[in-house]
2 protein chains.
Amino acid sequence: MNFEDELKQKVQETEKTVYEFLPEEEGFQKTILEAMNYSMKAGGKRLRPLLMAETYRMFGGTGEVIRPFMAAMEMIHTHSLIHDDLPALDNDEYRRGKKTTHVVYGEAMAILAGDALLNYAYETAARAFALEPGHERIGKAFRILTAKTGIYGMLGGQCVDVEYEGKNLERERLDFIYRLKTSALIEASMMVGAVLAGASDEKIALLERVAGKVGLAFQIQDDILDVVSTTETLGKPVGSDEENRKTTYVTLEGIEKAREDVRRLSDEAIEELDTLEEKNPFLMELLKSLIDRKK
Amino acid sequence: MNFEDELKQKVQETEKTVYEFLPEEEGFQKTILEAMNYSMKAGGKRLRPLLMAETYRMFGGTGEVIRPFMAAMEMIHTHSLIHDDLPALDNDEYRRGKKTTHVVYGEAMAILAGDALLNYAYETAARAFALEPGHERIGKAFRILTAKTGIYGMLGGQCVDVEYEGKNLERERLDFIYRLKTSALIEASMMVGAVLAGASDEKIALLERVAGKVGLAFQIQDDILDVVSTTETLGKPVGSDEENRKTTYVTLEGIEKAREDVRRLSDEAIEELDTLEEKNPFLMELLKSLIDRKK
């Protein structure tokens, strides 16, 4: 099977796992359960739980314990999208071609559905305690997951991003936002997969570095594609983001340096991952594809 | 020491514990950290962490492991207040005589500060895994805490309450809201205290029933006080809530039955708690004071 077909199949399997942990839409609180599931079923690449599962597999993990954590990771990610889209934040009415949660269910329900998904993520992950006697690993996975999601992780990056919207960012602050907002959940995904499979602290630290670089390269590539896509679509010159006062890696460093840095970060990440005795060729391809993507 | 003095002292100790787990206000994400701490430091009875600590003590608990869970419980409660007060929900500008979080920090930051507190609650509780080798109890406490906070607990009650605002409620739905919105965190507080001290499943189930009744009596007493306070302050007749179309226990059942039920629930809760061989006279007084309160 080639990579594209394998990816497609694995994304489907990942989605199936995530769906199995969604709550039943019944009882007095039916509306909120529908709102939660609406956003969870709105599609997406299921990238984070897939990375988690593949890292688990790379370290020889074969148990059930990874599954609630995979679902939890996707719930955390989806929670952040629902709240990002709210009128008080990005005020987006569509995501992935579907109306956003607050457009369908109203603002109050969207706020509560986001809260409920974040909480249900941990409620779901906590099921792992009943599955395996290896509680020490699960506790460790919990510590990583909560830390990488919170104010010293994704939510911290999100806050600084919101606070500095429309303002000029220096490089240091931009790096901070990218590292937390984009890289933190990718780091958590790979680290939790490794922890649950029993990887050593040293290897978990290596994965954190690898995932951090992949996340950063992914985000810079996003900035590059924004510029390139604008040029092609609207015929505006490259670098027009500069005039929109939106600070990106490209407006700060120029597109050539941005491209070089994506390449360098990508090479470093892949090389470092390759120093491990544990191998997962699919995971390696997946990480490369994230960075080399054209859209 | 009489009960009032003991209570005052214990509330202070509880607050001190909670404060020790608040994040430092530093780094790029300083604003969100300030917003989180602003609401955490806005006062309050610290009732839930106090109930947790006293239940832990009742079952002989003496360790450090309870402390992160106490702080976590107060963070969860505070998260719910910040989001309740938002313009899209209750739109309250003041709480406990202080401006609410969105008034001070703006709506976007208040949404994110609420998210951040909910997440930080679990991040804080997860510190317990590093404190004690008794991981099995901690995992169990996690399962209770997440479940009682989520869609089958506080957040579920909150959603139904918001969805049916201004509509007539039948008794069954009102009970559901009270049980989840008010009782769930009180149940969690006592159950987590007991679990971490190593209480048996049977005793934990007993505490869940006791706390459920205390929470319900507490909420009905709230409805009664609303009416009584209205009568005294505004000279409106008892039962005027009925005209405001707000369904409460009093509008559904009348004030006499409400008073009887508070008494009955309270008596049942205290009697059942008293069947345990473990005793904590202060906890008993505390539960009684919650129900007998005049304000």
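Read-outs: derived from the displayed coordinates by stated rules, not from any lab. Note that this is a predicted model, so its numbers are computed, not measured. Positions of Cβ are generated from backbone atoms using ideal geometry, with glycine treated the same way; all protein chains shown enter the neighbour counts.
A helix-only calculation puts chain B at -22000 deg cm²/dmol for mean residue ellipticity at 222 nm, using -39500 (n - 2.57) for each DSSP H run of at least four residues, averaged over all residues. Each of A:Q219, A:L131, A:P49 was scored by the projection of its Cα onto the charge dipole of segment A:3-292, and the greatest displacement toward the positive side belongs to A:L131; charges sit on the C-beta of Lys, Arg, Asp and Glu. For chain A, the dipole from Cβ point charges (+1 on Lys and Arg, -1 on Asp and Glu) about the Cα centre works out to 260 debye, to the nearest 20. Label-point spacing at A:E278 relative to the other copies reads 3.9 nm, in ascending order, each point sitting 7 Å out from Cα along Cα→Cβ. Counting only aspartates and glutamates at least 8 places from B:K148 when in the same chain, those with an alpha carbon closer than 13 Å to its own are A:E123, B:E187, B:E208. Candidate membrane-span-like segments in chain A, meaning DSSP H helices with Cα atoms spread over at least 24 Å of their own axis and a Kyte-Doolittle mean of 0.5 or above, are A:107-125, with no membrane implied.
Return the Rg/Rh ratio of the protein assembly as shown with Cα-based radii and a Kirkwood Rh. Value, to two decimals: 0.99. Each copy carries a label point for A:G106 at 7 Å from Cα toward Cβ; from one copy, the others' points are 2.7 nm away, ordered from shortest. Based on Cα atoms of segment B:45-201, Rg over Rh with Rh as the Kirkwood radius reads 1.01. The residue in chain B that lies nearest, by its beta carbon, to the axis linking chain B with chain A is given here with the distance in whole angstrom as B:H135, 2.
How big is D, in µm² s⁻¹, for segment B:137-223 by Stokes-Einstein at 10 °C and 1.306 mPa s if Rh is the Kirkwood radius over C-alpha pairs? Answer from the Stokes-Einstein relation: 120 µm²/s. Amide H of A:R95: which non-local residues (sequence gap of 5 or more, or other chain) have their own amide H closer than 5 Å, using H built in the peptide plane? Here the answer is A:T100, since their amide H atoms fall under 5 Å of that of A:R95. For segment A:251-284, the set of GluC sites (Glu not before Pro) satisfying both a DSSP loop assignment and a count of at most 12 other C-beta atoms within 10 Å is given as A:E277. When the convex hull of its Cα atoms is viewed from all sides, segment A:1-125 shows a mean projected area of 8.3 nm². Pick out, in residue order, every one of the trypsin sites (Lys or Arg not before Pro) in segment B:53-118 that is DSSP loop and has at most 14 other C-beta atoms within 10 Å; say none if there are none. Here the sparse-neighbourhood loop sites are B:R96. Relative to one another, the C-alpha centroids of segment B:181-231 and segment B:20-37 are positioned 31 Å apart.
In order along segment B:171-176, phi translates into HN-Hα couplings of 4, 4, 6, 4, 4, 4 Hz, rounded to whole numbers, per the Karplus curve 6.51 cos²θ - 1.76 cosθ + 1.60 with θ = phi - 60° and x for Gly and Pro.
Qualifying trypsin sites (Lys or Arg not before Pro) in segment B:108-213, where qualification requires a DSSP coil assignment and no more than 14 other C-beta atoms within 10 Å, comprise B:K167. Of all lysines in the structure, those lying under 20 Å Cα to Cα from B:K167, and not within fewer than 8 positions of it along the same chain, are A:K30, B:K181, B:K246.
Annotation: the residues A:V250, A:V104, sorted from fewest to most other C-beta atoms within 10 Å of their own C-beta, follow the order A:V104, A:V250. The distance linking segment B:249-282 with segment A:94-144 is 35 Å (Cα centroid to Cα centroid, whole angstrom). With Rh defined as the Kirkwood radius, the inverse of the mean 1/r over Cα pairs, the Rg/Rh of chain B is 0.96. Approximating the spin labels as points 7 Å out from Cα along Cα→Cβ, the B:D274-to-A:R293 distance works out to 6.5 nm. Sorted shortest first, the separations between the A:T62 label point and its copies elsewhere in the assembly read 4.6 nm; each point sits 7 Å from Cα along the Cα-to-Cβ line.
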